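Presented below is the structure to which this report refers.
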Amino acid sequence: MDIYEIRKHNLVKLIGSQRKGSCAERWAMAPAHLSQILSDKTAKNLGDDVARRIEEIEGLPRGWFDSIPREDVITNTDLNGFEPASEPALSAADLVKQMLAKSGKGIPEETRQRLLAAAAEPDAKEEAGDTAIVKADFIRPGLVGDEVWIAHYDVRGAMGGGEVTHEFPEMLQDVRVSPKHLRELGVEFKEHYHLKLVTGWGQSMAPTIKNRDPLIVDVSIREFAGDGIYYFSWGGHEYIKRLQIADEEYFEMISDNPKHKDRMIRREETYIQARVLLVWNAHLV
């Protein structure tokens with residue numbers, strides 16, 4: 001499930017048996033907008049701003065819409081048609097006994113007893129609470145309040161001559177990350193839902209950013225906030241470049257690749273969309 005499917009799941013659960021019209025009115029939404037989000041026939045998604053507004057109105061914690069509660073993770077449809085086992089699983093010793101009964105006629109009695117003893121040992125340790133037994137939890141949905149989804153915006157920023165926003169194939173779609181780990185890496189941000197993925201395109205920012213590297217950006221930063229790498233619009237195209245203030249009228253647009261020339265661009269014609277916080281490099285090894 002991507003971030004929007006998760007939000008739709010939680011939205012349906014939140015509405016429950018309430019009238020959609022009254023919910024839309026309480027959330028300051030047009031009823032048609034809410035219907036489009038809930039419909040399976042439209043591609044309307046529950047965006048960040050609306051999700052945060054509903055959370056605030058309903059007294060829910062920030063980011064509530066962005067993760068599925070553990071009790072909702074496994075359903076019969078998640079098991080590809082297989083029903084959960086109605087009886088407890090057999091122990092290792094029981095499984096060995098069944099195996100020996102079916103195909104162990106030629107096994108010497110001494111060997112038979114050793115197999116049974118070896119199979120019974122893990123069961124005894126588990127009953128005694130031995131910490132050597134590790135149970136894997138393959139359905140773990142993530143640490144509540146820590147692991148969050150970052151949406152991948154279907155745009156690319158040029159690290160060269162400029163790109164017009166359009167659809168193109170991506171290596172990564174929406175990803176799930178730990179905000180705590182991001183902060184440990186030195187990534188500074190206020191709210192996780194301001195973080196998005198975009199893609200760099202071109203060679204002008206190499207070796208810092210390679211062609212088609214996914215980038216984590218903060219879309220809440222819409223103005224120059226000090227020297228750094230920004231995703232911005234200029235002259236009708238999208239760029240990912242370093243920006244520095246040259247004077248009161250101009251930015252200096254800087255390429256890390258020395259083969260590409262830096263240039264001066266008017267500040268009033270530059271529209272910052274986000275600041276680049278982290279390069280998601282895929283280095284070949």
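The values are calculated or read from the model by the stated rules, or taken from the named source; none is laboratory data. As the structure is a computational prediction, the values presented were derived from the model and not from experiment. Cβ sites come from the backbone with ideal geometry, for glycine too, and all protein chains shown count toward neighbours.
Numbers for the structure displayed
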| item | result |
| --- | --- |
| Residue count, the range 48-59 (criterion: surrounded by fewer than 14 Cβ atoms within 10 Å (Cβ to Cβ) and closer than 19 Å to H152 by Cα) | 1 |
| In the range 1-41, the residues that are part of a loop (DSSP other than H, G, I, E, B), hydroxyl-bearing (S, T, Y) and surrounded by 11 or more Cβ atoms within 10 Å (Cβ to Cβ) | S39 |
| Spans of strands (runs of 3 or more DSSP E) in the range 221-276 with at least 2 residues among the acidic types (D, E) and surrounded by 12 or more Cβ atoms within 10 Å (Cβ to Cβ) | none |
| Residue count, the range 232-254 (criterion: without any contact (Cβ under 8 Å) to a residue 60 or more places away in the chain and basic (K, R)) | 1 |
| Check on I68, surrounded by 10 or more Cβ atoms within 10 Å (Cβ to Cβ) and modelled with pLDDT of 85 or more | no |
| Scope the range 173-201; condition in a loop (DSSP other than H, G, I, E, B) and at negative phi; matching residues | Q173, D174, S178, L185, V187, E188, F189, K190, E191 |
| Given (1) modelled with pLDDT under 90; (2) more than 25 Å from I68 (Cα to Cα); (3) surrounded by fewer than 20 Cβ atoms within 10 Å (Cβ to Cβ), index of the condition D174 fails | (2) |
| Filter result for S204 (in the same structural domain as R267 (by TED's automatic domain parsing), assigned to a loop (DSSP other than H, G, I, E, B) and touching a helix residue (DSSP H, G or I) at 6+ places or on another chain (Cβ under 6 Å)) | no |
